[in-house]
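The structure under discussion appears below in the form of C-alpha cells.
The values are calculated or read from the model by the stated rules, or taken from the named source; none is laboratory data. Given the structure is predicted, the values throughout are model-derived calculations rather than measurements. Every residue, glycine as well, gets a Cβ built from its backbone with ideal geometry; the counts of neighbours run over all protein chains shown.
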C-alpha cells in the first residue's frame, strides 16, 4: 500500500514538472510588470469611447503627433519638425525617422491624416479644429500639411490633447473605420504591442515591448519625451475586489495598483514594501448636474440656491475619505491649472448661507415638485455625492429622493429626456478627470447648446458666445481673460456645480522605480528590479 | 432507459427554447443601454443614438430576436458588443476555471462532508455528533466572502503559502493550477460541506433505525460494514440529489468566490456582462447554464439506478 502511495506521489510530481511548459519558464526569465488597472479594458477603440481605461490602453499601443508636458507646453512627439506660416493658416508637419507600425509598415502622412480625421469626428476640440480646417494634404510620405480657413490658436493643443479622446495615430486602413463603430485591430506605433491572443476580458490584458519603437531623446514628461520601455512585458491584472487587490499588492503578486480607494490608503501606507503616492497633479472633479428640461432646476434661481448651500468640504470627505486626498475647488476649470480661477465664485466659496438658499428657492416659485436624484451605488464617488446632496436638499426643505441603481442604469437613464415621473431625472452626479476640465474647449459639461449639449441639455447662447470668444484668444493673457468671462457667466447660469477636487493615490512596490508624475498612469520609463 | 434518456434530452431542447425566449424578452425590457456605456461619460445623446444604430440595437424586438435565433441555429452565440470577441470564445475562456473550481470544491466537500455525516450519525448524541453539527451551523453562517478574506489573510499574507488571487490553466503546471484552487475551493465548499454533512447525518439516522440494519448488526457484521456497506448505500439517493443540486448551485454560487479571488470564470463573466448590458454574453451564458442544469439533473436521476436497483427507467 505504502509503495503504491509513493509511486502515486512520484507520478504527481513528475506530471507537475512535465506540465510546466517552456513558455512559462520563458515568462519567468522576462521582466514582467504586473499592473492592477483602474477598470477592466472592454473596448479597444480610444476614439469611439471616452472611457479612461481605453485611453490608457491607447497610450500603450499608439503614439501621438504632439504631446503635452508637465508645464502644459505642447511638445512634438511623432513629429520631428513643424512649421507654421506667418498668417497662422498653414501648418506643415514632418514625421520622425524610423516610425513603424506594429505590423512593420512605416507610419505615413496618409495614416496621420486619416487618424486625425476620425478623431475630429468624435472629439469636441477635434470638431472645432475640423470647423476651422480647409484641408489636410500629404506632401510626401513623411510630410503633410494642414490648411485652415481661419486661424485656430488651439491647433497644436488639440493635436496634443492628453485625455479622452486622444488623437492617436493608427494605420490608414483602420482609421477609415466609421468613428461610431469600434475597431478591434490594435495595430499602432506606440511603445507596447497588444497581445490579443492572451487577452481575457474581465481578467488580463497583456502587452509586450515594441522593440522597433524609436523613443525621443528628451526625458519623459507626461505624454511627451522619450517613451523608453524598461520591461519586457506588462500584464494588466483586473482585480474587481479592492481588498483582494490590496492583498495581491502586499503579497507581491502585483507590482503597481493604479488607483486605490480611500479606505485602503492607511493599510497600504503602513507596509514598508509599498509606496503610496499621489502621482496625479490634477486629480478629478466631482460635480452635480441638473436637468434643464424640467422643473425645478429649469429655473436658474433653484440652481443658484444650491451654490449658497453646498459645502465642498463635506463632499471632499465623502469622496476622498481624508482631507489630504482632496480639496474644495471653486473654479469651473481644473484647480491648479492655468485657467483656474475664483472669479465670481463667492456664492460657492463664501460662508454657507442656507437662509439665502431658501430665499432663492422661494423666489423660484418652487411648488414642492419631487426632485429625483439618480444614483449608482456601484460607483462610490457617485453614491457619496448623491447621499450628500439628498441630505442637503432635505435640509433646504425640498421634496427630494434618491433612486438608486447601478452605473449602467444611471448612464442610460440620464439620456432620458422625459420628466422624472416618466423615467427621467432632475440631478445626477459624476466625476471628470482634471485634464478634461482644464479649459472651455474640453470642458464639455459647461456647454449650453441645448439639444446638442451634454445630458441635462442646458441652453445658454451667452455662454456659447463667450466660449467661442475664448477660442479666438491669441495669447495667454487674453485666453485667461476670456476663460474668466466664461466662468463668470457659468456662475450666473450654473450649468453644473463642482463639488470637490480629489485624488486617488497610486500604490506600488519598492522594486518599482521611474513612475512618471502625470494625470495618467504611463507605463514607459518604469523599471522593475 | 435509452428511450428515457432520449425523451429527457428532447425536453432539454424545449426547456432551452423557452429559456432563450424569456431571457431575450427580459433583457429587451431591462433598463440599460450598452451604447451609452460604450460612448462614455462625455458622449451626447446624439453620439449614443448613432452607436446604437451601428450596433443594431434600435431594431424592433422581433428582428433582433429572429437574428439571434438564426445565429443560434448555426451554432453562433453572437459577438460581445464591447470586446467584439465571439461569445463562444469568451465562454470557452471561462469554462475551465469554473469547472475546475466546481470540481475541486465538490471533491473537497464530498470527501469531508460524507464521512463527517456518517460518523455523526453513528455517534449520535455524543460530542462528535455535536461537533459536526456545530461545524455545520458555522459553515452555513459564515458568508463566503468573509471566509475568503480570512483564508487570504492567513494563508497568503501571513504564512505566504498560497496565492491571493488568480487562476492558472492546467497546462501551466499541475501544482500551479492546484495551489490557485485550494483557497477558493475551501471558501466556496464550506457551505456545501455543511449542507452535505447535515443531509448525510439525517438520512443515515433514518436508515440506521430500519429493521434490516438491526438484522445486519444481529448477524454480527462489523460496524464498519453495516455503516458503509448497508446503511450508506441506502442513504445515497438523497445525498446524490443534494450533490446534484449542489453542482448547479456551485456554478452560480461561484460568482462571489470568483470575484474575491479574481478567478476569470463564468460567474464573473456573467456579472460583468450584466453590469455593462452586454446582451449577447448574458444570453449565451444563461443558455449554457440552463443546459447544464438540465443535464446535471438527468445525470443525477440516472445515478439513482446505481444505488437503488429498484429504480428503473
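List of remarks:
- Under the condition of being under 18 Å from residue B:76 (Cα atoms) and crowded, with 21+ Cβ neighbours inside 10 Å, the residues counted in segment B:24-40 number 0.
- Sole residue being surrounded by fewer than 18 Cβ atoms within 10 Å (Cβ to Cβ) and either at pLDDT 90 or above or within 15 Å of residue B:188 (Cα to Cα) (or both), chosen from B:109, B:134, B:122: B:134
- Whichever residue in segment A:216-244 is in a helix (DSSP H, G or I) and over 22 Å from the mean Cα position of the chain (by Cα) and, among such residues, is farthest from residue A:35 (Cα to Cα): A:243
- Residues within segment A:451-472 that are surrounded by fewer than 24 Cβ atoms within 10 Å (Cβ to Cβ), away from chain B (no Cβ under 11 Å) and either in contact with a strand residue (DSSP E or B) (Cβ under 7 Å, 6 or more places away or on another chain) or not in a helix (DSSP H, G or I) (or both), tallied: 4
- In segment A:173-199, the qualifying residues are those that are surrounded by fewer than 19 Cβ atoms within 10 Å (Cβ to Cβ) and part of a helix (DSSP H, G or I), and the one that is farthest from the other protein chains (Cβ to nearest Cβ) is A:173.
- When residues of segment B:145-156 are limited to those that are at the interface with chain A (Cβ under 10 Å from one of its Cβ atoms) and surrounded by 16 or more Cβ atoms within 10 Å (Cβ to Cβ), the one farthest from the chain's Cα centre (by Cα): B:156
- Residue B:30 vs. criteria within 12 Å of chain A (Cβ to nearest Cβ) and modelled with pLDDT of 85 or more: no
- Residue A:407 vs. criteria closer than 28 Å to residue A:166 by Cα, surrounded by 15 or more Cβ atoms within 10 Å (Cβ to Cβ) and either more than 12 Å from every other protein chain (Cβ to nearest Cβ) or without any contact (Cβ under 8 Å) to a residue 40 or more places away in the chain (or both): yes
- Conditions (1) in a loop (DSSP other than H, G, I, E, B); (2) over 16 Å from residue B:39 (Cβ atoms); (3) in contact (Cβ under 8 Å) with a residue 12 or more places away in the chain; number of the one not met by residue A:418: (3)
- Between B:49, B:8, the distinction of being within 30 Å of residue A:434 (Cα to Cα) and touching a helix residue (DSSP H, G or I) at 6+ places or on another chain (Cβ under 9 Å) belongs to B:49 only.
- Summed over segment A:251-263, the residues that are surrounded by fewer than 20 Cβ atoms within 10 Å (Cβ to Cβ), touching a residue at least 12 places away in the same chain (Cβ under 8 Å) and more than 29 Å from residue A:413 (Cα to Cα) give a count of 2.
- Answer residue from segment A:53-74, given it is within 14 Å of chain B (Cβ to nearest Cβ) and surrounded by 21 or more Cβ atoms within 10 Å (Cβ to Cβ) and is farthest from residue A:98 (Cα to Cα) among those: A:54
- Which listed residue is farther than 20 Å from residue B:184 by Cα and part of a helix (DSSP H, G or I), from B:221, B:250, B:227: B:227
- Picking from residues in segment A:361-400 that are at pLDDT 95 or above, in a loop (DSSP other than H, G, I, E, B) and in contact with a strand residue (DSSP E or B) (Cβ under 7 Å, 6 or more places away or on another chain), the one that is farthest from residue A:423 (Cα to Cα) is A:398.
- Any hit, segment B:116-132, residues being more than 8 Å from chain A (Cβ to nearest Cβ), farther than 19 Å from residue B:206 by Cβ and under 23 Å from the mean Cα position of the chain (by Cα): no
- Within segment A:101-124, at least one residue is at pLDDT below 95, surrounded by fewer than 23 Cβ atoms within 10 Å (Cβ to Cβ) and assigned to a helix (DSSP H, G or I).
- Some residue of segment A:102-123 being within 14 Å of chain B (Cβ to nearest Cβ), over 18 Å from residue A:66 (Cα atoms) and free of Cβ contacts under 8 Å to residues at least 60 places away in the same chain: yes
- Candidate set: segment B:242-258, residues that are within 14 Å of another protein chain (Cβ to nearest Cβ) and surrounded by fewer than 21 Cβ atoms within 10 Å (Cβ to Cβ); chosen: the one nearest to residue B:99 (Cα to Cα): B:255
- Taking the criterion of being within 14 Å of chain B (Cβ to nearest Cβ), in contact (Cβ under 8 Å) with a residue 40 or more places away in the chain and either crowded, with 21+ Cβ neighbours inside 10 Å or touching a helix residue (DSSP H, G or I) at 6+ places or on another chain (Cβ under 8 Å) (or both), the residues of segment A:219-241 that qualify are A:236, A:237, A:238, A:239, A:240.
- Scope segment B:259-287; condition within 19 Å of residue B:24 (Cα to Cα) and at the interface with chain A (Cβ under 7 Å from one of its Cβ atoms); matching residues: B:269, B:272, B:275, B:276, B:277
- The set of residues from segment B:158-210 being within 14 Å of chain A (Cβ to nearest Cβ), in contact (Cβ under 8 Å) with a residue 12 or more places away in the chain, surrounded by fewer than 24 Cβ atoms within 10 Å (Cβ to Cβ) and more than 20 Å from the chain's Cα centre (by Cα) comprises B:162, B:163, B:179.
- Top-ranked residue of segment B:92-106 - restricted to ones that are within 12 Å of chain A (Cβ to nearest Cβ) and surrounded by 19 or more Cβ atoms within 10 Å (Cβ to Cβ), ranked as nearest to residue B:169 (Cα to Cα): B:97
- Helices (runs of 4 or more DSSP H) completely within segment A:265-360 that count 2 or more residues being surrounded by 21 or more Cβ atoms within 10 Å (Cβ to Cβ) and touching a residue at least 40 places away in the same chain (Cβ under 8 Å): A:300-309, A:312-320, A:346-349
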